[in-house]
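Each reported figure results from applying straightforward, stated rules to the coordinates on display, with no laboratory input. Remember, predicted model here, so these are calculated numbers, not experimental data. Counting neighbours? That spans all protein chains shown, and the Cβs are built from the backbone with ideal geometry, glycine included.
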Amino acid sequence: MEKIIFIKYGELTTKKGNRKIFINKLSSNIKNMLKDIPYKLIADRSRIYIETEEITKVVSKLKNVFGIHSIVIASKTDNNIENIKQSVLYMLNSISFTTFKVDTKRADKKFAIHSMEFNNIIGSYILKNKDVKVDVHNPDIIIKIEIRDNGTYIYSEEIQGLGGYPVGIQGTSLIMLSGGIDSPVALYLALKRGVDMECLYFESPPHTSLQAKEKVIKLASILNKYSLNIKLNIVPFTEIQETILKNVKEEYVITIMRRMMYRIAKKFAVKKNFKVIFNGESIGQVASQTLSSMNVINNVCDIPVIRPLACMDKLEIIAIAKQIGTYETSILPFEDCCTVFVPKHPVINPTIEKCIENEKKFDYETLINQAIENIEVISNLNIENNYNDLL
């Protein structure tokens, strides 16, 4: 008998003819996560099996892998009935309980005994050897037995995985990342749906501080534990923002600024062959996120913009931010360029005509091209790294 980890797929099982593609991507992502740990991995249509001496370390890494429904640490034996009995009893000797239930899954149809009958056999054996009772409705533990072609797996607990799809199965896209609470949560939710990410952050020194830049680098680093491929692209936005402040009516400053950001994001996405853009907008949360504002701002971008948080309220978003570990960083008091020049009374129902009228006052195309040419790229993001040389 040996200890082995196996992974249940969950949503991946709905993919039918494409399941192999999803399983291969999940296997590849797991191998990337475990590259510094000795292990052996075998994947089939139903499970991924991992043999390792470093079970605790491997499980810790697997908890950050999207596409996993649950993680199981099981005792493995062969399909001999007496060996299964002994293995069950050995596992139970380390567990405190008074009531139990047996749940057998007979995936190997060559195994002669049907699942219900085998439940009774194992249950009777436990009752003879331990002072416990059967409770099929509300047991202290459920003894799960999976009889498969490659052996029998015995366990009583499952560790909840992140679910979703393997990161990268949907390709890579772009997200407009700020230092606030919302966009890091949007990034996390996009990763969960299998979309790997490059981030676009707009900085405006000296109006935004080095601490604001450091904050965004840290947020991207925290989220990179779910991907290991995230890149952060930092757009120099100072000249564009100052030009807007000099030429645009105060109430339209944020609207025009957002339109410039969308233009930059669109050009950058096209350059990188990204099919869509993500952001952290939530309907009605601020003046630039009313339906009227979103329509006018989005008007400059002719590729799809996906807003994972569109219909969430702030408390829901905060709850996810706390869960994924970004909240404490997001609330650090360092303003980004979206908040440093917010007018007292920003327009909440802008019109495209007035935006065009304001934008005719300066050569934004040249400024946008210059900003894209001078983007700073940070890769190999790791929360333990020191990025002082980039600040």
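What the table shows:
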| read-out | value |
| --- | --- |
| Share antiparallel - DSSP beta bridges, segment 2-160, percent rounded to 5 | 75 |
| Calculated [θ] (222 nm, deg cm²/dmol) that DSSP helices of n ≥ 4 give over the chain, each run adding -39,500 (n - 2.57) | -11500 deg cm²/dmol |
| Entries of LYS246/LYS354; LYS215/LYS267; LYS8/LYS105; LYS101/LYS130; LYS63/LYS101 with Cα pairs more than 18 Å apart | LYS215/LYS267; LYS63/LYS101 |
| Violating pairs (Cα-Cα greater than 20 angstrom) within the set LYS85/LYS128; LYS35/LYS275; LYS15/LYS192 | LYS35/LYS275 |
| Set of aspartates and glutamates near LYS110 by C-alpha distance (under 12 Å), chain-local residues within fewer than 8 positions excluded | ASP149 |
| Listed peptides 303-314, 168-179 by packing density, highest first (mean Cβ within 10 Å) | 168-179, 303-314 |
| Within-13-Å neighbourhood charge of ILE230 [Cβ basis; K, R +1; D, E -1] | +1 |
| Of ILE368, LEU291, LEU232, farthest towards positive along the dipole that unit charges on Lys, Arg, Asp, Glu beta carbons give segment 172-390 | LEU291 |
| For segment 201-260 versus segment 289-313, the gap between their alpha-carbon centres in whole angstrom | 18 |
| Label of the coordinate-derived value, P(r) over Cα pairs in 10 Å bins from 0, in percent, listed as (1) 5, 20, 25, 18, 13, 10, 7, 3, 0; (2) 4, 19, 27, 22, 15, 9, 3, 0; (3) 4, 16, 16, 12, 11, 13, 15, 10, 3, 0 | (1) |
| Cα-projected label distance for LYS360 with ASN83, points at 7 Å along beta-carbon direction, nm | 8.4 |
| Axial C-alpha extent at least 27 Å, average Kyte-Doolittle at least 1.6 - helices from the chain (DSSP) | none |
| Fully extended contour minus Cα-Cα distance, from ARG45 to LYS275, at 0.36 nm per residue | 79.8 nm |
| Highest average packing first - 9-21, 55-67, 95-107, Cβ atoms within 10 Å | 55-67, 95-107, 9-21 |
| DSSP-defined beta bridges in the chain - what % are antiparallel, rounded to 5 | 55 |
| Antiparallel content of DSSP bridges confined to segment 81-221, in %, to 5 | 25 |
